[in-house]
1. Would you mind checking region 256-293 for residues with the amide N under 11 Å from a putative spin-label position 7 Å along Cα→C-beta of residue 21?
2. I'd like to compare 7-19, 210-222, 76-88, 283-295: which one has the highest average count of other Cβ atoms within 10 Å, and what's the full order after that?
3. Measure of size requested: the Rg and Dmax of region 154-236, with Cα atoms as the atom set and Å as the unit; please supply both.
4. What are the residues whose amide H is under 5 Å from the amide H of residue 193, where those residues sit 5 or more places off or on another chain and H is modelled from the backbone?
5. Got a sec to turn the phi values of region 80-90 into Karplus ³J(HN,Hα) couplings, 6.51 cos²θ - 1.76 cosθ + 1.60 with θ = phi - 60°, whole Hz, x for Gly and Pro?
6. Mind ranking 57-70, 162-175 by how tightly packed they are, going by the mean number of other C-beta atoms within 10 angstrom, highest first?
7. So between residue 88 and residue 281, what do we pick up on full extension, going 0.36 nm a residue minus the alpha carbon distance?
8. Can you give the relative contact order of the chain as a percent, counting alpha carbon pairs under 8 Å and 6+ residues apart?
Amino acid sequence: MNEVTHPERGTFVISLTPFDRAGAIDKGAFRAHLARLRDSGIGVYVGGSGSGEGYTLTPAETASLLEIAVDELKGHVPVRAMGVEPRTASQMSEFLRMAHDCGVDAAQVYSLDVGHDVVVTPEEIEHYLTDVLETASLPVVLSTHFSVGYTVPPELLKRMVSTYPHVVGINVTHPDLGYLARVIGAVGDRAAVMVGGPMQGLTVLALGGHGYLSADGNIAPKLCVSVIDRFEAGDLAGMMSAFGTLIKLFGVSLECGGTRVVKAALNRLGFPGGEMRLPRLAVEDARLDRLLATIETLGIAGIEGWESAP
C-alpha cells in the first residue's frame, strides 16, 4: 500500500513548439517562450500532440525539446514530457526512457490508440498500463482521453495508483462529468486529478480535483495561474472573473484556429510563437485580427504585464 500523499492543486500549459520558416525547430524562440512561461509560475508539458505539434517531431527532435525545457525550467516550475498517443506499450516505454534520460520531472502516459479497431477491453487496457508502468523509471501521469474512443475505468486507475507509487497524477479529458467525479473519488486522495482544457476548470475543483491543463497558457500563463491561486486564497469573486476571461479567450482562440492563431498572435505581439510545421498551414489574417481584438478587449495585456497589440 502506498503512503498517502496530498496532491497539490495547479495548472499546466501544453507548450507550443516554435518552428522557423524552413520547418526546423527554432531553439532560440523555444527558450525565450519557456522563459516567459517560467516567469509566470505555470507548470509546463512539452512535446504534446496538440499545441506541441508532437506528431510532426522525430524522436531526436523530441529529445532536444525536452533537454532545452529541463535546462530552462527545472527547479523553477514543474517540467513534464507529454508526447503523443502510442500504438503499443513498447512505443510508450521508449518515450518514457527518453523522458527519464532528459531529466524531466514527470511524463504523461497516454491511453493506447488502437486505430480503426476502436473496441478495447478492460483487460487489454490493464495489460498495456502494467507493461508500461513496470518499466517506467520516473514519475508518470496517466491520461484518459476521449479521442482514443474509450475511457480507462476508474477502478483500474485506482489499482494502478495503489500498485505503482510513481503514478502521481491522472489527466482526464472527457465531457462526461460523472466519469470525472468517479475518477476523483477513486484516486483523488493519492494522485492529482486534472482536466484537459479549461472548460471544466472550476468543475474539477468543485469535485475535489486539482487543476487543469490548457494551451491558452501559451498566450496568458499568468491568467491561467491566477484561477488556481485565487481559489486557494478563497477569493471566489476574483477566481470567477479570471476564469470568465480565460474561457472567453479559449473560445475565440479555438474558433479562430487553435495553435495556428495562437502562434500568429504571439508573433504579432512581439513574442516568439514561431511558424507552423506542415501539414498545418498558417492562419488567415481575419482570424488573427479577431483574436488580437479579443486579447485587447479582455485586457489580457494588463494581466500578463505586456502591452497590447498596436
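Values in this text are rule-based calculations from the coordinates and carry no lab data. Predicted, not measured: the structure shown is a model, and the values here were computed from it. Cβ coordinates were reconstructed from backbone atoms using ideal geometry, including for glycine residues, and neighbour counts include every protein chain displayed.
1. Answer for region 256-293: none.
2. On the way: 7-19: 23.0, 210-222: 25.8, 76-88: 21.5, 283-295: 16.9.
Those peptides, ordered most packed to least, come out 210-222, 7-19, 76-88, 283-295.
3. Cα radius of gyration and Dmax of region 154-236 are 13.2, 38 Å respectively.
4. 170, 210
5. 10, 8, 9, x, 10, 5, x, 9, 9, 5, 5
6. Details: 57-70: 17.6, 162-175: 19.4.
Packing order, densest peptide first, comes out as 162-175, 57-70.
7. Working: separation 193, 0.36 × 193 = 69.48 nm, distance 2.98 nm.
Stretched fully, the residue 88-residue 281 segment lengthens by 66.5 nm.
8. Details: 563 pairs, mean separation 62.8, N = 310.
Contact order relative to length: 20 percent.
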